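The values are calculated or read from the model by the stated rules, or taken from the named source; none is laboratory data. Note that the coordinates shown come from a computational prediction; the quantities given were computed from them, not determined experimentally. Note that we place each Cβ from the backbone using ideal geometry, even for glycine, and neighbour counts take in every protein chain shown. We work out accessible area using only protein heavy atoms, side chains counted, and drop any ligands, DNA or RNA first. Shrake-Rupley method; radii C 1.70, N 1.55, O 1.52, S 1.80 Å.
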Amino acid sequence: MKLIIGNKNYSSWSLRGWLAAKQSGLAFEEITIPLYGDDWEARKREDSGIQPSAGRVPVLWDGDVVVWDSLAILEFLADRVGRDRFWPKADDARATARSMVAEMHSGFTALRNECTMNIRRRVPGIRLSDAAKHDVIRVLQLWAEARSRFAMGGPFLFGTFCAADIFYAPVVGRFLTYGIPVPGFAQAYMEAVWEHEWMRQWVAAAEAEQWEIQQFEGPVPKSSA
Ligand SMILES: N[C@@H](CCC(=O)N[C@@H](CS)C(=O)NCC(=O)O)C(=O)O
């Protein structure tokens with residue numbers, strides 16, 4: 001299998017696809033392509049690896065079979081190796097995990113737009129719009145519910161590392177980058193994610209990348225509080 005991803009520093013959907021590939025336990029070759037460089041628009045048109053996704057990453061190739069979009073990649077891999085590797089076994093936990101993943105995949109637009117993933121960066125004290133503040137509160141509510149109801153077996157949302165952690169890992173990065181204040185239970189969860197072996201690998205690679213995307217490096221509005 002071959003997984004095409006974007007810059008590890010900036011590409012949150014790539015991180016999800018990559019963590020899903022790691023979680024599958026299957027061997028895969030990883031190809032990183034720099035997003036938004038001078039030749040990006042041309043590459044989107046011409047690179048056959050990312051044509052099926054109209055130039056978006058991540059894209060997974062399994063021989064001639066192609067699957068794009070982080071959630072489709074995760075589900076494709078779950079079909080290959082078994083659902084239990086990705087999703088909690090109990091119906092109520094799995095229903096909650098699936099709902100949380102779907103909500104992340106289709107929502108949280110304000111948070112995503114105002115706090116773009118930038119693993120290397122630390123700019124604490126960002127001023128968020130009301131919509132983004134609402135997104136932060138919603139994330140914390142979801143984490144609290146998962147941790148209090150289903151996380152008896154470990155430090156992650158549903159105990160052991162699963163699809164929900166894969167989908168919320170970039171949010172952990174965003175909270176760290178922009179210094180979003182969180183309660184203690186969330187801090188402990190964020191530490192567990194950041195210390196996970198695969199996250200350490202991803203962060204080290206992001207820090208080693210030389211590419212800079214200027215549109216994601218500009219000043220951020222600061223909170224006066
Ligand atoms: N819904 C897609 C989103 C993929 C996506 O927007 N990827 C971004 C990188 S994080 C991208 O490829 N952007 C390049 C572009 O749109 O030109 C997924 O879940 O994979």
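At-a-glance table
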read-out: Leu74 being touching a residue at least 60 places away in the same chain (Cβ under 8 Å), open to solvent by less than 10 Å² (accessible area, probe 1.4 Å), over 16 Å from Met199 (Cα atoms) and not in a loop (DSSP other than H, G, I, E, B); value: yes
read-out: Selection from the stretch 124-174 of residues that are at pLDDT 95 or above, aliphatic (A, V, I, L, M) and assigned to a loop (DSSP other than H, G, I, E, B); value: Leu128, Ala151, Leu157
read-out: Residues being in contact with a strand residue (DSSP E or B) (Cβ under 9 Å, 6 or more places away or on another chain) and open to solvent by less than 70 Å² (accessible area, probe 1.4 Å) - total across the stretch 41-62; value: 11
read-out: Answer residue from the stretch 77-110, given it is within 16 Å of the ligand (Cβ to nearest atom) and open to solvent by 80 Å² or more (accessible area, probe 1.4 Å) and is farthest from the chain's Cα centre (by Cα) among those; value: Arg98
read-out: The stretch 29-55 - residue that is without any contact (Cβ under 8 Å) to a residue 12 or more places away in the chain and part of a loop (DSSP other than H, G, I, E, B) and, of those, farthest from the ligand (Cβ to nearest atom); value: Ser48
read-out: Matching residues, the stretch 175-186, being touching a residue at least 60 places away in the same chain (Cβ under 8 Å) and part of a loop (DSSP other than H, G, I, E, B); value: Tyr178, Ile180
read-out: Verdict on Leu74 being within 11 Å of the ligand (Cβ to nearest atom), under 18 Å from the mean Cα position of the chain (by Cα) and at negative phi; value: yes
read-out: Test result for Trp18, touching a residue at least 60 places away in the same chain (Cβ under 8 Å), within 15 Å of the ligand (Cβ to nearest atom) and outside any strand (DSSP E or B); value: yes
